[in-house]
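First the structure, in the form of structure tokens, and then the observations on it.
Derivation of every value follows stated rules applied to the coordinates shown; laboratory data play no part. Please read these numbers as outputs of a predicted model, since none were measured by experiment. Counting neighbours? That spans all protein chains shown, and the Cβs are built from the backbone with ideal geometry, glycine included.
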There are 2 protein chains.
Amino acid sequence: MIGPGDTVHFECVDASGGQVVPGMSAAEFVTIDRGRIHALTGPVAIAGAEAGDVLEVQILDISHKGWGWSSVIEGLGFLKERFSYPYLFHWTLDGAFTRSLAPAVVPLRPFCGVMGVAPADDGEFRTRAPGVFGGNLDVRELYAGSTLYLPVLNKGALFSCGDGHAAQGDGEVCINGIECPLDVTLRFHLHKARALDGPFIEVAQHAIPADQSAAWVVVESDRDALQAARRATSRMVDLLTEHWGFSDVHAYLLCSVAMNLRLSQVVNEPMITVSASLSKHILPERQLYPHAGQ
Amino acid sequence: MIGPGDTVHFECVDASGGQVVPGMSAAEFVTIDRGRIHALTGPVAIAGAEAGDVLEVQILDISHKGWGWSSVIEGLGFLKERFSYPYLFHWTLDGAFTRSLAPAVVPLRPFCGVMGVAPADDGEFRTRAPGVFGGNLDVRELYAGSTLYLPVLNKGALFSCGDGHAAQGDGEVCINGIECPLDVTLRFHLHKARALDGPFIEVAQHAIPADQSAAWVVVESDRDALQAARRATSRMVDLLTEHWGFSDVHAYLLCSVAMNLRLSQVVNEPMITVSASLSKHILPERQLYPHAGQ
């Protein structure tokens, strides 16, 4: 039990619960106990918290430990038909960037994929699906400096966090960010009897914005927003393989840790338009359509 | 007929085809001829263009004419159940910003909501739905400096543009950006026999990024991506009315011209998580959850 205003330091293992280690092979990876995925740190009870309050979670500091992993898992992921074989990639993290997937330079903005309070219902729950309580939101703006507000649904709020990501793109398309253990320092405040319908974030300015405007953008329109997003992601994978020489699966991983995915328009019925973009700052310069004489 | 490498200046009327003028009332607005919506400028034939080529459209310059409008139209828009009454708002545009919806300061990044080549099929088409040919994409990154690539689907390509927006948010949630006449200067290049599955954009760095990271973010998760986006948009409207004093409909218009809408995760089955955000640079500073003693 902590009190409002208290600062708590969380030592979070990686999403596998410490089963994945640097150098592990894909063959070993497929044998891990998936029932231990999303090993969380918590719950922490906040004194005086009651249903109907708002829990404020100030994200004071998050640091990685120099390594991380990303995988492709059969039957999971946004392009699961295209990528159906198991794959495991190891990242070396050096301060604010990783060059493990050269020539890409991926900026690191460590955050917890899962931060949440106990759900309102009684029972046991899998951690995969996020909700009003927060949980597996995978919102990459939850980095150090930002503040998360959650509705309190139970006495004590019962906050947990984990699923550390050193970086993640919008969508988390391959099912992983850069999965890693994290040291996380949070300060908790309580706002009594404030209505809040779901997670709300006050995002801090980051030194390296996720969405610098100079970018390569693939645009897809479809009656189904997710189908448009899926085709846009698949075309971005093609673009990375064709022009930057990534293998298919490395391109997919790069999208999962660095791509932006925006709903450009949602009103031009019956079509929804989705833009998948990669910042030019992540990739070496290329002239994809050179002009004559160049 | 123009040749590859030629520069063309388009004088584009606003999306209403010149029917909406500054000072028009909502009562007059509902009587306009909606069959003239999306009056486009074009088509321009490019010599030598054939199906299977790629048309490159360099957006050299776009300028507004100091005024624009946004509306709510019964039966249209992302929150059509909540906003079902007709409404018309007039904007005064002063260089790079508009303060017409004070206290918001909305950055202007003029672009054409519609840029496209003739579709592959024969026939007459409404302009509302975008597609492989481009068209009503409403992708707000198509500002001056950016380059749009489109697959050529007919002899001559037959390029048209229009639906000028001085600014627009992701989603264009109220069905309008800041609708306005635009002067548009484009240069066309042809890339023979290059495969392209749909619109592709090389986005230039903008002086005022749309998605500066310091922001207010509403997070919603749902099995249906659009339902999550709709609830997030509706909560953002509530936030603007509660904390910044906007009327409901003005908050909706502000979301339509300035909000970001991201697919934060698309893999945590069965839930999709959508983030609706407004840059802090657009709004006066507020402490939404003050701490005791402040």
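Summary of values
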quantity: MRE, 222 nm, helices only [DSSP H, n ≥ 4, -39500 (n - 2.57), over chain B, to nearest 500]; calculated: -3500 deg cm²/dmol
quantity: Cα-based radius of gyration of chain A once divided by 2.2 N^0.38 Å, which approximates compact folds; calculated: 1.03
quantity: Calculated SAXS-style log₁₀ I(q)/I(0) at q = 0.30 Å⁻¹ - the range B:147-190, Debye, Cα scatterers; calculated: -1.10
quantity: For A:20, A:139, B:21, order by how many other beta-carbon atoms lie within 10 Å, fewest first; calculated: B:21, A:20, A:139
quantity: Separation between Cα centres of the range B:90-121 and the range A:87-114, rounded to whole Å; calculated: 36 Å
quantity: Phi-based couplings in Hz for the range A:11-17 (Karplus 6.51, -1.76, 1.60; Gly and Pro marked x); calculated: 9, 9, 6, 6, 4, 7, x
quantity: Pairwise FRET efficiency - residue B:126 versus residue A:50, Cβ, R0 = 41 Å, nearest 0.05; calculated: 0.15
quantity: 5 angstrom amide H check on residue B:154, placed H, neighbours 5+ away; calculated: B:51
quantity: Counting DSSP beta bridges with both ends in the range B:1-150, the antiparallel % (nearest 5); calculated: 95 percent
quantity: Span from the the range A:186-233 Cα centroid across to the the range B:178-256 one, whole angstrom; calculated: 12 Å
quantity: Beta bridges by DSSP in the protein assembly as shown, antiparallel share as percent, to the nearest 5; calculated: 95 percent
quantity: In degrees, nearest ten, helix A:248-258 long axis to first principal axis of chain A (Cα); calculated: 40 degrees
quantity: Cα long-axis angle, helix A:225-244 against chain A (0 to 90 degrees, to the nearest 10); calculated: 50 degrees
quantity: Average beta carbon contacts from partner chains per residue of B:36-48, 10 Å cutoff; calculated: 0
quantity: Estimated inter-spin distance, residue B:74 and residue A:194, nm [label 7 Å along Cα→Cβ]; calculated: 4.0 nm
quantity: Amide H within-cut-off set for residue B:131, under 5 Å, with H built and near neighbours excluded; calculated: B:136
quantity: Sorted by Cβ neighbour density within 10 Å, fewest at the top, the residues A:179, B:285, B:242, A:202; calculated: B:285, B:242, A:202, A:179
quantity: In range of the label at residue B:90: residues from the range B:14-30 whose backbone nitrogen is under 15 Å from the point 7 Å along Cα→Cβ; calculated: B:19-30
quantity: Integer Hz, Karplus 6.51/-1.76/1.60 couplings in order for the range A:193-202, x for Gly and Pro; calculated: 6, 10, 5, 8, 7, x, x, 9, 10, 9
quantity: Overall Cα dimensions of the range A:72-120, principal axis frame, Å, largest first; calculated: 44, 31, 14
quantity: Sorted peptide list for A:55-68, A:217-230, criterion being average Cβ within 10 angstrom, highest first; calculated: A:217-230, A:55-68
quantity: Ranking of B:289, A:143 by count of other Cβ atoms within 10 Å, fewest first; calculated: B:289, A:143
quantity: Value of D in µm² per second that Stokes-Einstein yields for the range A:4-89, Kirkwood Rh from Cα pairs, at 25 °C (0.890 mPa s); calculated: 152 µm²/s
quantity: Chain A, relative contact order in percent, only Cα pairs under 8 angstrom and at least six apart counted; calculated: 24 percent
quantity: As computed over the protein assembly as shown, the Cα convex hull volume per residue (Å³); calculated: 143 Å³
